[in-house]
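**Student:** Got a structure for you, questions after.
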Amino acid sequence: MNLLMNLLKKNLLKASFFAFVFSVVSAAALPSFAQAARPDALKLYKSGNYKEAIRVCQEELNDPSRGTAQDIESYVVLCWSLVANKQYREAEKSVAQARQLSSYDARLLEIQAESKFYLEKYDEAMNLLQQYVVIPNADKKGSQRIGLSYYLMGEIYIRQKKWEHADIAISKAVDTEPGMSFWWSKLGYAREQAGYYQDAIVAYNKAISLNASSSDDARRGLVRCQAKLNP
């Protein structure tokens with residue numbers, strides 16, 4: 001009888017030990033499971049579901065178990081999504097908070113410039129864009145915004161009527177992303193205003209060839225330039 005009782009006690013102790021270990025491991029795994037179950041904010045952003053991407057990022061940033069590096073990634077996607085959703089003031093505020101954590105992240109620098117541009121803070125935007133485009137391998141994390149940055153610089157120069165500066169900036173933009181018909185049209189406009197009518201015709205024709213169905217500005221510009229060359 002004593003032998004049987006001893007065996008039962010040992011089995012109960014083993015069971016209690018394994019139950020304790022299982023509870024500790026399960027508790028440790030809960031944050032990881034919750035994180036794994038959370039939707040991928042970057043995929044949501046890339047699919048155009050900006051509101052849901054914003055919600056997920058804000059949820060991630062409120063998670064106390066995450067580290068600074070993870071928070072930076074959430075801030076980047078949050079700010080991209082806010083700008084894409086035309087929530088420019090919210091983007092400006094969020095990116096300022098993010099840059100307190102990482103002032104050297106090129107993606108945050110660029111998105112701060114974008115938010116300033118859309119809020120018509122052109123001097124601040126230009127300063128940030130000029131910093132961004134000279135960073136070596138600024139697009140190495142896949143943000144792919146070098147072309148856009150040069151284009152926004154060109155837009156600012158157009159507003160300032162600095163036509164040759166705009167020509168140079170937007171030429172860099174279309175060199176980086178040659179398939180953007182609207183950028184080619186703006187390049188044609190900058191060249192036209194600078195008096196470079198033949199070069200403007202080249203840009204307008206490129207815009208039309210890329211998107212014949214929605215290039216009315218390019219067509220009108222083409223007609224104006226041809227009139228200047230053939231009065």
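The values are calculated or read from the model by the stated rules, or taken from the named source; none is laboratory data. This structure is a prediction, so every number in the text was calculated from the model and none was measured. No Cβ is skipped: glycine too gets one built from the backbone with ideal geometry, and neighbour counts run over all protein chains shown. All accessible areas refer to the heavy atoms of the entire protein, side chains included, with ligands and DNA or RNA removed. Shrake-Rupley method; radii C 1.70, N 1.55, O 1.52, S 1.80 Å.
**Student:** Full extension from R219 to S47: what is 0.36 nm times the residue separation minus their Cα-Cα distance, to one decimal in nm?
**Tutor:** Working: separation 172, 0.36 × 172 = 61.92 nm, distance 3.24 nm.
Full extension of this stretch gives 58.7 nm more.
**Student:** Additional query: At a Förster radius of 25 Å, what calculated FRET efficiency corresponds to the Cβ-Cβ distance of K93 and T68, to the nearest 0.05?
**Tutor:** Calculated transfer efficiency: 0.85.
**Student:** Quick query: amide H of D105 versus all other amide H atoms, modeled in the peptide plane; which residues come in under 5 Å with a sequence gap of 5 or more or a different chain?
**Tutor:** Long-range HN contacts for D105: none found.
**Student:** I'd like the per residue volume of the convex hull spanned by the Cα atoms of segment 58-137, given in cubic angstrom. Kindly include the intermediate steps, with their values, before the conclusion.
**Tutor:** Details: hull volume 6.6 nm³, N = 80.
Dividing the Cα hull volume of segment 58-137 by its residue count gives 82 Å³.
**Student:** Which of K43/K206; K46/K172; K161/K228 have a Cα-Cα distance over 29 Å?
**Tutor:** Working: K43/K206 32 Å; K46/K172 25 Å; K161/K228 20 Å.
Flagged as over cut-off: K43/K206.
**Student:** Leaving ligands, DNA and RNA out of it, report the carbon-plus-sulfur percent of the accessible area of segment 149-231 at a 1.4 Å probe.
**Tutor:** On the way: 2240 of 4390 Å².
It is 51 percent, rounded to a whole number.
**Student:** Take every Cα-Cα pair in segment 115-231 and report what % of them are more than 22 Å apart. Each step should come with its number before you reach the end.
**Tutor:** On the way: 2347 of 6786 pairs.
In whole percent, the share of Cα-Cα pairs in segment 115-231 beyond 22 Å is 35.
**Student:** May I ask you to list the residues of segment 165-187 whose amide nitrogen lies under 20 Å from a point 7 Å from Cα along the Cα→beta-carbon direction of K86?
**Tutor:** Inside the label zone: 182-183.
**Student:** What accessible area per residue, rounded to a whole number of Å², is obtained for segment 74-231 using a probe radius of 1.4 Å?
**Tutor:** On the way: 8010 Å² over 158 residues.
Value for segment 74-231: 51 Å² per residue.
**Student:** Also, I was wondering about something else. Within segment 54-143, report the GluC sites (Glu not before Pro) that DSSP leaves as loop and that have at most 15 other Cβ atoms within 10 Å.
**Tutor:** Working: sites: E59, E60, E73, E90, E92, E110, E114, E120, E124; in loops: E120.
When the GluC sites (Glu not before Pro) of segment 54-143 are filtered for loop state and at most 15 Cβ neighbours within 10 Å, E120 remain.
**Student:** Moving on. Under the Karplus relation 6.51 cos²θ - 1.76 cosθ + 1.60, θ = phi - 60°, what is the ordered set of whole-Hz ³J(HN,Hα) values for segment 104-114, x standing for Gly and Pro?
**Tutor:** 9, 6, 4, 5, 5, 4, 5, 5, 5, 4, 4
**Student:** Can you figure out the FRET efficiency of A227 with Q131, using R₀ = 41 Å and their beta-carbon distance, to the nearest 0.05? Each step should come with its number before you reach the end.
**Tutor:** On the way: r = 41 Å, r/R0 = 1.00.
The pair A227/Q131 has a calculated efficiency of 0.50.
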